[in-house]
Structure formats: C-alpha cells, structure tokens
Amino acid sequence: MRLILLGPPGAGKGTQAAKIVEKYAIPHISTGDIFRTNISQGTELGKQAQGYMDKGLLVPDELTCGLVADRLSQEDCKVGFMLDGFPRNLFQAISLDEILKDTDTKLTKVVNIEVDKELLVARAVGRRICKSCGATFHVEFNPPKEDGVCDVCHGELYQRADDNEETVSKRIQVYLDETKPLVDYYSKQGIVASINGDQQIDKVFKDIELSLGSEK
Ligand code: ADP
Ligand code: ADP
Ligand code: ZN
C-alpha cells in the first residue's frame with residue numbers, strides 16, 4: 001500500500017495517518033514531523049527550515065525532495081508507505097513520480113481529506129501534540145482526559161509554534177495556491193479518493209477504509 005494524504009492544514013491528515021499506518025502496517029512519513037524533529041535537535045536542516053515554517057511558507061524543494069527520496073529508499077518502505085504532507089506542489093509531485101519510476105512502483109491511492117476553510121483555523125489553533133509520542137489532540141474537538149496530558153503515554157502536550165491564527169491563515173492560502181492543484185494532477189491518474197473530513201474522527205477513518213477496499 002503506497003498512499004499519499006492530501007488536505008489543507010488542520011484537515012485531519014496526521015490524525016488519520018496514525019490510524020491508517022496502524023491498520024495497514026506501513027511507515028508514516030510526515031515531512032512536517034521530520035522538519036520539527038530536525039528543529040528540536042538543532043540540525044543544519046532544522047535551522048534552514050525553521051524560518052519558512054514560522055512564516056507558513058513551504059520549505060524549498062531542494063531541502064525537501066532529497067530527504068523524502070532518502071526516506072523512501074529505506075528498507076521499511078519496501079512494504080509501502082503513508083506520505084503525509086508530501087508532495088505539496090507540482091515540482092514535488094513530479095519528483096515523487098521519478099522516485100517511483102526508479103523503483104518500478106506505483107501509488108495505490110491519494111486520500112484527499114476535504115474540510116471547509118472556515119473550520120480549519122479553529123482546528124489548527126486548538127491542536128495540541130504530545131511531546132513524547134506525537135499523539136494529536138484538540139482542546140475542544142478531541143480533548144485529552146486530563147488537561148495538557150497525553151491519554152496514550154501521559155506525556156506533556158504542547159502547541160506548535162506555527163499553529164497561531166496568522167500563520168495558519170497563510171498556510172491555508174499556500175495550500176490553495178500550491179497544493180490543491182495536485183488533486184487534479186492525481187485525478188487524471190484516477191487514483192484520488194475524496195473523503196469528507198467534517199465528520200467524527202472514527203467516521204472519517206471508516207470512509208478511508210472503505211475507499212481503500214481490498215487494496216494491498
Ligand atoms: P493535519 O495533519 O491535516 O494538519 P491534524 O490531524 O493534526 O491535521 O488535525 C488538526 C486538529 O484537528 C487536531 O487538533 C485534531 O485533534 C483535530 N481533528 C482531526 N480530525 C478531526 C475531526 N474529524 N473532527 C474534529 N477535530 C479533528
Ligand atoms: P499542516 O498539515 O498542519 O500544514 P505540516 O506538519 O504538514 O502541517 O507542515 C508544517 C510546515 O512544514 C509547513 O507549513 C511547511 O513550512 C513545512 N513543510 C512540511 N512538509 C513540507 C513539504 N512537503 N514541502 C515544503 N514544506 C513543507
Ligand atoms: Zn503521548
């Protein structure tokens with residue numbers, strides 16, 4: 001199973017990705033998570049990425065495509081993968097096509113999570129993430145049992161630096177300009193499953209499972 005998750009910031013990609021990789025036993029590759037790990041470890045890549053992320057802009061393709069190519073060449077991706085947050089523009093999509101061609105593989109599906117723009121800011125601004133295990137919560141829509149504490153591992157919850165109203169609005173605009181055209185790009189290949197993301201988390205997941213059917 002080789003999947004891409006498309007959708008604007010706050011659509012629920014990370015939340016659904018966690019469920020998908022558990023069910024289908026494939027690695028979860030989130031370019032945003034990779035950049036954030038690099039930032040917290042103070043690496044050169046992290047230093048270069050941070051300014052773009054703080055402004056809600058895309059990190060340049062030269063920094064992004066190579067790291068995805070490396071990640072996909074690792075052994076655990078032989079069984080498939082779940083790409084979350086990549087590709088984000090046409091250049092990245094073409095770069096992914098080349099990686100797939102080199103390995104003589106094809107995408108299974110592009111899961112496109114649709115949520116109205118009006119909901120996205122509230123979703124992203126209320127997002128809280130576990131420092132220890134990465135589990136995602138929402139202060140209102142998916143609250144942890146205890147304020148600020150992860151249900152899964154009791155780790156501390158934090159708010160991403162870019163989850164403020166101004167940066168989120170910018171990221172939504174960047175999505176509309178640069179990423180949304182990929183829905184058309186992959187529709188032409190007949191592999192897009194569009195999912196209504198404005199439903200309960202478990203119902204969204206059911207719809208994704210249905211759209212994947214018996215795909216391997
Ligand atoms: P993305 O990875 O697309 O940016 P996330 O999965 O991190 O989105 O979800 C954004 C926020 O919205 C999180 O706080 C998450 O808990 C919440 N969320 C995710 N899916 C739903 C849903 N179906 N209904 C309500 N809130 C949701
Ligand atoms: P969200 O789904 O909420 O937008 P992500 O974690 O996917 O959040 O991305 C956070 C930020 O990381 C983006 O705003 C961008 O700066 C950077 N980023 C993540 N993935 C990519 C990518 N494929 N290309 C360029 N920048 C990226
Ligand atoms: Zn946790």
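The values are calculated or read from the model by the stated rules, or taken from the named source; none is laboratory data. These figures come from a predicted structure and were not determined experimentally. No Cβ is skipped: glycine too gets one built from the backbone with ideal geometry, and neighbour counts run over all protein chains shown.
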Filter segment 202-216 for residues that are surrounded by fewer than 16 Cβ atoms within 10 Å (Cβ to Cβ) and in contact (Cβ under 8 Å) with a residue 40 or more places away in the chain; the one that is nearest to ligand 3 (Cβ to nearest atom) is E209
Write out, first by first residue and then by second, each pair whose Cβ atoms fall under 7 Å of each other, whose residues are 6+ apart or on separate chains, and whose first residue, in segment 49-72, is modelled with pLDDT of 95 or more while the second is surrounded by 14 or more Cβ atoms within 10 Å (Cβ to Cβ) and of a type in the set (D, E, K, R).
M53/D162; D54/D162; K55/K170; G56/D162; G56/K170; G56/R171; L58/R88; L58/E178
In segment 149-160, anything within 14 Å of ligand 1 (Cβ to nearest atom) and either of a type outside the set (F, W, Y) or assigned to a loop (DSSP other than H, G, I, E, B) (or both) is listed as C150, D151, V152, L157, Q159, R160
Hey, can you tell me all the residues within segment 196-215 that are more than 11 Å from G12 (Cα to Cα) and touching a strand residue (DSSP E or B) at 6+ places or on another chain (Cβ under 7 Å)?
D207, I208, S211, L212, E215
Suppose we filter D198, D184 for residues that are surrounded by fewer than 18 Cβ atoms within 10 Å (Cβ to Cβ) and more than 27 Å from F35 (Cβ to Cβ); which single one remains?
D198
Search segment 112-146 for residues being of a type in the set (D, E) and outside any loop (DSSP other than H, G, I, E, B), and hand back the single one that is surrounded by the fewest Cβ atoms within 10 Å (Cβ to Cβ).
E118
In segment 5-38, what residues are basic (K, R) and surrounded by 20 or more Cβ atoms within 10 Å (Cβ to Cβ)?
K13, R36
Could you tell me whether any residue of segment 95-116 is within 16 Å of ligand 3 (Cβ to nearest atom) and of a type outside the set (F, W, Y)?
no
Cβ-Cβ below 9 Å, separation at least six or inter-chain, first residue in segment 150-174 and at positive phi, second assigned to a loop (DSSP other than H, G, I, E, B) and within 16 Å of ligand 3 (Cβ to nearest atom): which pairs?
H154/S132
Candidate set from segment 123-133 (those that are out of contact with any Gly (no Cβ under 8 Å at 6 or more places or on another chain) and touching a residue at least 24 places away in the same chain (Cβ under 8 Å)); member that is nearest to I29 (Cα to Cα)
I129
Among the residues of segment 141-163, what is the count of those that are away from ligand 2 (no atom under 14 Å from the Cβ) and either farther than 30 Å from V59 by Cα or of a type in the set (S, T, N, Q) (or both)?
11
For segment 28-37, state whether one or more residues are on the phi > 0 side of the Ramachandran plot and without any contact (Cβ under 8 Å) to a residue 12 or more places away in the chain.
no
